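For reference, the structure is listed below as structure tokens.
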Amino acid sequence: MKVVLFCGGLGTRLREYSETIPKPLAPIGDRPILWHLMRYYAHFGHTRFVLCLGHRGEMIRDYCANDPHLDPSWVIELVDTGLEATVGERLKAVQPYLRGEDTFLANYSDGVTDLALPTYLEQFHRRNAVAGFVTVRNPQSFHVVQANEAGMVTALHRAQDAVWINGGFFVFRQSIFDYIQPGDELVEGPFQRLVQAGLLYSYKHGGFWAAMDTFKDKVMFDQRHAQGDCPWEVWARNQAPADHAAGRQGGADA
């Protein structure tokens, strides 16, 4: 399956990097998060990539042309999809590059996981769904506040219920393009139509997932990498791709 990587956003919440380089090139250790993500997909046999370029796309082109760490067997297609296009518009723009792909993968290009990809895809193919995405636990911790009419706090406690959010690891059938209209974001438009039609699937993953959304996230990734604590590096383990333990334990129907 081809893998569509959305690489054109402004990354405004990671200004320390995104003002000078596109967010997918923000490094974890000595390699950008884009490489870590591509290496993840390649571990499971998906080595054909379509990169949707926008903000500072020339830097991603230069990276793909010159980084010696990129596997020469990977097929990388670079497509200019507009500086201010929505994710839905970027996906629609690369439709011609996906002809013949009954099913394809897609990703926001800012998160990594130890998800057992084959198990996720197997579950998706068992369902009558046009699109699927991985749901993960919200890594943020919040305090729930109760107050009286005068605004005086009567109770304050940490939230107990887990909130499951979209983790950005997508799988689509070709018919996804029938649900995208001009100007659509991916979730606000097409996904809402799929919900109404009963054609959107979510796969709950209880293992590791993290996104590089803010500078705090960047620091976390750097610290974990420095300590050798990189659970998303599934390729560095001695397990067969389909036997990834964390995915067997964490994957379930949502």
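The values are calculated or read from the model by the stated rules, or taken from the named source; none is laboratory data. Being a predicted model, the structure only gives us computed values, none of them experimental. Cβ: placed from backbone, ideal geometry, glycine included. Neighbour counts: every protein chain shown. Ligands, DNA and RNA are excluded from the accessible area calculation, which covers all protein heavy atoms including side chains. Shrake-Rupley method; radii C 1.70, N 1.55, O 1.52, S 1.80 Å.
Look at the Cα gyration tensor of segment 1-141: its axes a ≥ b ≥ c give a/c under 1.5, and that counts as rounded. Among residues other than Val112 with Cβ under 14 Å from its Cβ, the summed charge is -2 (Lys and Arg +1, Asp and Glu -1). Of the accessible area of the chain, computed with a 1.4 Å probe over protein heavy atoms only, carbon and sulfur atoms account for 48 percent. Residues in the chain average 49 Å² of solvent-accessible surface per residue, probe 1.4 Å, ligands and nucleic acids excluded. When the chain is treated as a GNM with alpha-carbon contacts under 10 Å, the residue of Glu84, Glu149, Glu122 showing the greatest mean-square fluctuation is Glu149.
Beta-bridge orientation, the chain: approximately 55 percent antiparallel, per DSSP, counting only bridges with both partners inside. The convex hull drawn around the Cα atoms of the chain, when projected onto a plane and averaged over every direction, covers 16.1 nm². With a 1.4 Å probe rolled over the protein heavy atoms of all chains, the accessible area of Tyr97, Tyr179 falls in the order Tyr97, Tyr179, largest first.
Globularity index of segment 102-201 is 1.43 (Cα radius of gyration / 2.2 N^0.38 Å, N = number of residues). Counted over segment 1-135, the DSSP beta bridges are approximately 10% antiparallel.
Label sites at Gln174 and Lys216, each approximated as a point 7 angstrom past Cα along Cα to Cβ, lie 4.5 nm apart. Put the Cα centre of segment 95-152 next to the Cα centre of segment 159-227 and the gap is 3 Å. If the elastic network links every pair of Cα atoms under 10 Å, which of Gln196, Gln223, Gln123 fluctuates the most in the Gaussian network model of the chain? Evaluated over the chain, the most mobile residue of the options is Gln196.
Taking 7 Å steps out from each Cα toward its Cβ at Gln223 and Val144 produces label points 2.7 nm apart.
Between the amide H of Ile76 and those of Phe49, distances stay under 5 Å, these residues lying 5 or more places away or on another chain, with hydrogens modeled in the peptide plane. Enumerate the aspartates and glutamates that Lys204 could reach by cross-link, defined here as Cα to Cα under 12 Å, with residues fewer than 8 away along the same chain left out. Within the straight-line limit of under 12 Å, Lys204 reaches these aspartates and glutamates: Asp253. Within the assembled protein chains, the solvent-accessible surface assigned to Met1 is about 60 Å², based on a 1.4 Å probe.
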